[in-house]
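The values are calculated or read from the model by the stated rules, or taken from the named source; none is laboratory data. Everything quoted here is computed from the prediction, not taken from an experiment. Counting neighbours? That spans all protein chains shown, and the Cβs are built from the backbone with ideal geometry, glycine included. For accessibility, only protein heavy atoms count, side chains too; no ligands or nucleic acids. Shrake-Rupley method; radii C 1.70, N 1.55, O 1.52, S 1.80 Å.
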Amino acid sequence: TSMNSFLDSVSLDDILGKEVKKNSYFKFSSSYLTNSVYGGRKDSTEIPYLTPSLEYNHKSGIYASAAFSFLTNKNSRLDVTSIELGYSIDTIVKKLSGAFYVSRSFYNSNSGNVRNDVNWNVGANLQYDAKFVDITAMPFVMLGSNTDFGLSFSIGHSFYFENKNQTNAFTITPNINSIFGNTGFYQSG
């Protein structure tokens, strides 16, 4: 409560030229990936990840996050650390929202991840609420020893579970995703 008051007192409204009526908040999430496969490329060994992440969202739409991917196989270790900074827009036009981001990943020197040559990601996320499903398009650029351009499309639906006073929430979002792009990271990784 006192922390939220302090965070909400940081005013970016004047800088961004708009009035914002939502609150700042922290979000913790975790995911488990049974095998890291990216863009159709899979290495010979399985790379299962347990990835906890922490995100801070300012009421203006600016956010920062950090994620830590731990290998859960016989080579247990911290394999990837990622940080991200971005700006999200709740409503661009009716039912369309978006975000812009830049992220940096730090891989363990022993990492076998197919994306271990990719250091920086820059991209956008446009999401349309089509009532029963959300349709998302994400153009991005991956920067490493080669530069890759891509476009990801997904269709999904979020199921929200909140307690009575709406202070905590649990969300499950099944989706179908497709990625199109060039393959510079294939030659480097």
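Quick one: if the Förster radius is 41 Å, what FRET efficiency do Leu126 and Phe106 give, using the C-beta to C-beta distance and rounding to 0.05? Please list the in-between numbers first.
Details: r = 28 Å, r/R0 = 0.68.
The calculated FRET efficiency here is 0.90.
Rounded if a/c is under 1.5, else prolate if a/b is larger than b/c, else oblate: which is the range 86-134, with a ≥ b ≥ c the root eigenvalues of its Cα gyration tensor? Could the numbers behind the result be given before it?
Values: a/c = 5.11, a/b = 2.47, b/c = 2.07.
It comes out prolate by the Cα gyration axes.
Please work out how much length the chain gains when fully extended from Ile179 to Thr34, using 0.36 nm per residue of separation minus the C-alpha to C-alpha distance, in nm with one decimal. Mind dumping the intermediate values first?
On the way: separation 145, 0.36 × 145 = 52.20 nm, distance 1.90 nm.
Gain in length upon complete extension: 50.3 nm.
If you rank Tyr32, Tyr87 by how much accessible surface each has, with a 1.4 Å probe, what is the order from largest down? Before the final figure, lay out the partial values.
Working: Tyr32 130, Tyr87 55 Å².
Listed by decreasing accessible area, they come as Tyr32, Tyr87.
Starting from the 7 Å offset along Cα-to-Cβ, what nm value, one decimal, do you get for the label separation of Asn163 and Leu54?
A separation of 2.1 nm, rounded to one decimal place.
Counting other Cβ atoms within 10 Å, keep those with at most 14, restrict to DSSP loop, and tell me which trypsin sites (Lys or Arg not before Pro) in the range 63-169 are left. Before the final figure, lay out each step's value.
On the way: sites: Lys74, Arg77, Lys94, Lys95, Arg104, Arg115, Lys131, Lys164; in loops: Lys74, Lys94, Lys95, Arg115, Lys131, Lys164.
In loop regions of the range 63-169 (DSSP not H, G, I, E or B), the sparsely surrounded trypsin sites (Lys or Arg not before Pro) are Lys74, Lys94, Lys95, Lys131, Lys164.
Roughly how many Å² of Asp90 are accessible to a 1.4 Å probe, to the nearest 10?
Result for Asp90: roughly 100 Å² accessible.
With r defined as the distance between the Cβ atoms of Ile172 and Phe70 and R0 fixed at 25 Å, what FRET efficiency is calculated, to the nearest 0.05?
Values: r = 22 Å, r/R0 = 0.87.
E(calc), rounded to 0.05, equals 0.70.
Distance between Cα centroids, the range 145-175 to the range 64-93: provide it in whole Å.
Each part reduced to its Cα centre gives a spacing of 13 Å.
For the range 69-189, what class follows from the C-alpha gyration tensor (a ≥ b ≥ c being the square roots of its eigenvalues): rounded when a/c is under 1.5, otherwise prolate if a/b is larger than b/c, else oblate? Before the final figure, lay out each step's value.
Numbers: a/c = 2.15, a/b = 1.42, b/c = 1.51.
In terms of gyration-tensor shape, oblate.
Report the full-extension gain for the segment Ser145 to Tyr25: residue separation times 0.36 nm, less the Cα-Cα distance, to one decimal in nm.
Numbers: separation 120, 0.36 × 120 = 43.20 nm, distance 3.62 nm.
So the extension gain works out to 39.6 nm.
Within the range 43-155, what whole-number % of the accessible surface is contributed by carbon and sulfur, with the 1.4 Å probe and all protein chains included in the calculation? Please report the intermediate quantities before stating the final value.
Working: 3700 of 5980 Å².
Answer for the range 43-155: carbon and sulfur cover 62 percent of the accessible area.
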